[in-house]
2 protein chains.
Amino acid sequence: MSLVRGMTRALPRSFKAAGRQPDRFTRPQISILRRHSPTNHRTSHSSASAPRDSSNPALSFPCLDAQDAKSARLSARSLQSGPEPSYTTGYHERFHSDDPLLLDWGGVLPQFDVAYETWGQLNADRSNAILLHTGLSASSHAHSTEANPKPGWWEKFIGPGKALDTEKYFVICTNVIGGCYGSTGPSSLDLDGKHYATRFPILTIEDMVRAQFRLLDHLKIRKLAASVGSSMGGMQSLAAGVLFPERVGKIISISGCARSHPYSIAMRHTQRQVLMMDPNWARGFYYDSIPPHSGMKLAREIATVTYRSGPEWEKRFGRKRADPSKQPALCPDFLIETYLDHAGEKFCLEYDPNSLLYISKAMDLFDLGLAHQLAIKKQRAEYQAKITSGGKNLNDASCSLTLPDKPYEEQPSASTPSTQQPDRTGPEPEAPPKDLVAGLAPLKDHQVLVIGVASDILFPAWQQREIAETLVHTGNKNVEHLELGEDLSLFGHDTFLLDLKYIGGAVQKFLN
Amino acid sequence: MSLVRGMTRALPRSFKAAGRQPDRFTRPQISILRRHSPTNHRTSHSSASAPRDSSNPALSFPCLDAQDAKSARLSARSLQSGPEPSYTTGYHERFHSDDPLLLDWGGVLPQFDVAYETWGQLNADRSNAILLHTGLSASSHAHSTEANPKPGWWEKFIGPGKALDTEKYFVICTNVIGGCYGSTGPSSLDLDGKHYATRFPILTIEDMVRAQFRLLDHLKIRKLAASVGSSMGGMQSLAAGVLFPERVGKIISISGCARSHPYSIAMRHTQRQVLMMDPNWARGFYYDSIPPHSGMKLAREIATVTYRSGPEWEKRFGRKRADPSKQPALCPDFLIETYLDHAGEKFCLEYDPNSLLYISKAMDLFDLGLAHQLAIKKQRAEYQAKITSGGKNLNDASCSLTLPDKPYEEQPSASTPSTQQPDRTGPEPEAPPKDLVAGLAPLKDHQVLVIGVASDILFPAWQQREIAETLVHTGNKNVEHLELGEDLSLFGHDTFLLDLKYIGGAVQKFLN
């Protein structure tokens, strides 16, 4: 710290003759330290503290220290009691199928489990079942059970007289395939007794729904009273109706979409990339080692940004720092940062990183447009034919995408934006795409409730408007659409977890 | 691949007696593979391809292969020609100050450089200078020069008859301190001849402005004709007026803010964290080694998400995949992903990672509210007193923030959102905060132009409205506010780089 050691009492700085620092007009902020040049900074009376000769002390990084400590803890644990966190509580029902499941992109699950929980009683003619679809990372534990009294993720929405009324309905919630809470996913064992890891096949929302309907077969439920879901569950809820229109009664889709859009793909892309960049991810084969907890934490922090809204944070955190008396830090410092840090920390060992990758990818791939549906149908037929003929390479790794040789180039039009107008020149400017209208045609006779939230940035309200308008264009006369303005909720995408009054109320009214 | 080997021609699946797979109502999608149990999957006629006994092939990860290859290349380079990328072109003017700069948070730059470039001629009374402030990562190269004919970042906005008219004005653009394009920053050498790295002190927007005004002193420019900036430059532009009201004429602030808000802090937080998690970051001391190119790439990808808008991407990329004939991949796959990947790739060796950390942190810390200004003023006086008395530890590393002992807890109110209403109960519901009005009072007599863009999610349009309304509340009668709707620009935050017509036009009109 030669700089500090070399200080003397404040000397009014004299302007130099050499013209570098000429007359000043507004007195600059204080500059009273003795000048040091790179060549004269080492003084003989050295002593004092490290790091020697640095003008300023090095910053410290408690957040990285914490990560290192956690890796060390996890490493020690892996020597004692097996490495990977246990994601399942075990307090759920399990449907096991020995009949293989062919997936949309040619992968095969030779056998699979679906974990599920139920509330209420199935009536005599098995006509009162509601299938409740979850968001990306939720388990089947939507509500407490006798076996597991811990509150579920929709605890207040389910029960006697509640939004999903268990006096009237038999509510079923499953963990999706690809997940890690009891249903078959990348952390499950493949036939060779080893974890699937990234040998797990690419998955779609429709694959998840097909697995759920296998469970319904098992439960001898011919037709659902309702298919209900939020977020990814809102996608599944629509997909269930499109895939099995005769087996679904009412449909509720909350904060979901009929096809993913590039902004949400972008946000999920960044989450996947930060996770995959964690060296501990090891291309998915981390189950016998330290899990990629840092990458998971980061992915969850990014996700959390998309789950809430700016206006809510403005009210809740504002610009408050965790401790304003301290020096600012590159580690979490503002209250919003400690909130994100904690959200990531809480999640990073609670959920399987590979499940996050596969399921978030499935969300990206979701598209109920007719062209996409037909393309998938065609390729499923081809995969089936290959299987039938004993062919191989259903899901050939050599097909995994590589980047195009020519990197993405900014398009010339990008530099002249003001001449670009939104493509609203048709005679019916706000009409939904015809391809989507055709894709949702199987739902034209269903009663459908669509709910959106204006403060949602991940599944923005225009996507739910799109669903509702598209359904109306199929000729559906029974579409209800509710959009919560910012005066009713600032909780963004997470509103569906929190808003008992408007969302819970609308669901209850629609079902009764 | 025992599964494939074990296949036979399609056998219609018979329902099992055991009740697991009872009567089906809608024929499920094909399930024609022969059943395998975990114990019977190893058959004797093994041959064929690896990986043996996996139900599906492992995915491949070309994006990670590319990262590994790049690390190897960078490692090889470091053995030959010195490790770190050279960020500066060298084609700029350099102002060197041997007079130290005390920073707002107690750090000291014992000497510093400011890189700058100029266009047009300074007039006789030195009254026609415009100081142009940059965004986070830009250099002083706003426009081509004789020394460096490469187009600058505002090439089309500067020149004879352009928005910044070089027939009339002398335009100065600097690289901010903390940057890496010629001004002193973390990659610069400290007095000990070693890179500052994270021994560089915490920096503020106001520190950057003070360094710029040292340059103006050097150029004998008493008063600017105008202070102009976009994004971070829009912050600086206001800060220049607040710090040096008598030395600034007109003020233009485009897509900036008067204080950062939690959503933008959150987005920058995630960028910093992904960068700092890259093992190659090495707590900032990577200058003699492989730079954290993967972390930088990820940080830039996240940033890019915030620079553009969802509606633009919807138009531009939609749901197009880079190659729809290929299997979906966890590596970049959709066109939007290849775009982000390329944006990250292009940037990751072009900019110093530590500069990104320090400057993005400076943006978080920005707050022109009076309380914050007074607090900083007080602590600057204390730091000065310490220096005067020969005290140490101006910027003590032990003060670097650690997380609070009690992790962040979801507030009870979060579960009852519908009872929470935005805090608009005052008699003047839309009035800007009094603290901010007081903080901007030094600008009450300036002509100010504030521009915002409705599709901007990083510096949302309400922030520019806040600036304008706050200025009006200071009593300023010369505030112009322009907001570009989504019909005029879908380019989000990046609009300021692209929109010559509306933004360029408004700037030109305001200055002439």
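The values are calculated or read from the model by the stated rules, or taken from the named source; none is laboratory data. It should be emphasised that the depicted structure is a prediction, and the values quoted were computed from it without experimental measurement. Cβ atoms come from the backbone with ideal geometry, glycine included; neighbour counts cover every protein chain shown. Ligands, DNA and RNA are excluded from the accessible area calculation, which covers all protein heavy atoms including side chains. Shrake-Rupley method; radii C 1.70, N 1.55, O 1.52, S 1.80 Å.
For A:Leu136, are the conditions met, namely being buried (at least 18 other Cβ atoms within 10 Å of the Cβ) and within 11 Å of another protein chain (Cβ to nearest Cβ)? No, not satisfied.
Residues of region A:164-203 that are open to solvent by 10 Å² or more (accessible area, probe 1.4 Å) and away from every other protein chain (no Cβ under 14 Å): A:Asp165, A:Thr166, A:Glu167, A:Lys168, A:Tyr169, A:Phe170, A:Tyr181, A:Gly182, A:Ser187. Taking (1) in contact (Cβ under 8 Å) with a residue 12 or more places away in the chain; (2) open to solvent by 20 Å² or more (accessible area, probe 1.4 Å) in turn, B:Pro160 satisfies each apart from (1). All conditions in (1) part of a loop (DSSP other than H, G, I, E, B); (2) touching an Asp or Glu at 6+ places or on another chain (Cβ under 8 Å) hold for A:Lys477, with the sole exception of (2).
Scan region A:464-486 for residues that are out of contact with any Gly (no Cβ under 7 Å at 6 or more places or on another chain) and farther than 14 Å from A:Pro433 by Cα and jot them down. Once the filter is applied, which keeps residues that are out of contact with any Gly (no Cβ under 7 Å at 6 or more places or on another chain) and farther than 14 Å from A:Pro433 by Cα, region A:464-486 yields A:Gly475, A:Asn476, A:Lys477, A:Asn478, A:Val479, A:Glu480, A:His481, A:Leu482, A:Leu484, A:Gly485, A:Glu486. Here B:Trp154 meets each of (1) open to solvent by less than 10 Å² (accessible area, probe 1.4 Å); (2) among the aromatic types (Phe, Trp, Tyr); (3) touching a strand residue (DSSP E or B) at 6+ places or on another chain (Cβ under 6 Å) with one exception, condition (3). Of all residues in region B:351-390, exactly one satisfies the criterion of being β-branched (Val, Ile, Thr), more than 9 Å from chain A (Cβ to nearest Cβ) and farther than 29 Å from B:Ser294 by Cβ, namely B:Ile376. Listed by position, the helices (runs of 4 or more DSSP H) contained in region B:271-348 that have at least 3 residues being without any contact (Cβ under 8 Å) to a residue 60 or more places away in the chain and open to solvent by less than 20 Å² (accessible area, probe 1.4 Å) are B:293-307, B:335-347.
Scanning region B:458-475 for residues that are within 13 Å of chain A (Cβ to nearest Cβ), farther than 19 Å from B:Ala303 by Cα, open to solvent by 30 Å² or more (accessible area, probe 1.4 Å) and touching a strand residue (DSSP E or B) at 6+ places or on another chain (Cβ under 7 Å) turns up nothing. Residue-level analysis places A:Leu374 outside the set of residues that are in a loop (DSSP other than H, G, I, E, B), among the hydrophobic types (A, V, I, L, M, F, W, C) and open to solvent by 10 Å² or more (accessible area, probe 1.4 Å). For the criterion of being surrounded by 20 or more Cβ atoms within 10 Å (Cβ to Cβ) and closer than 18 Å to B:Ile205 by Cβ, B:Ala362 passes.
Each residue in region A:476-491 was checked for being facing chain B (nearest Cβ under 10 Å) and in contact with a Phe, Trp or Tyr (Cβ under 8 Å, 6 or more places away or on another chain), and 3 pass.
If you filter region A:121-133 down to residues that are of a type outside the set (A, V, I, L, M) and in contact (Cβ under 8 Å) with a residue 40 or more places away in the chain, you find that the one that is most open to solvent (accessible area, probe 1.4 Å) is A:Gln121.
Of the set (1) at pLDDT 95 or above; (2) farther than 30 Å from A:Asp53 by Cβ; (3) open to solvent by 10 Å² or more (accessible area, probe 1.4 Å), all apply to B:Ala69 but (1). A count restricted to region A:292-308 and to residues that are touching a Leu at 6+ places or on another chain (Cβ under 7 Å) and over 15 Å from B:Ala299 (Cβ atoms) stands at 6.
For region A:220-243, a residue qualifies if it is more than 24 Å from B:Arg319 (Cβ to Cβ) and either touching a Phe, Trp or Tyr at 6+ places or on another chain (Cβ under 6 Å) or away from chain B (no Cβ under 14 Å) (or both), and the qualifying residues are A:Arg222, A:Ala225, A:Ala226, A:Val228.
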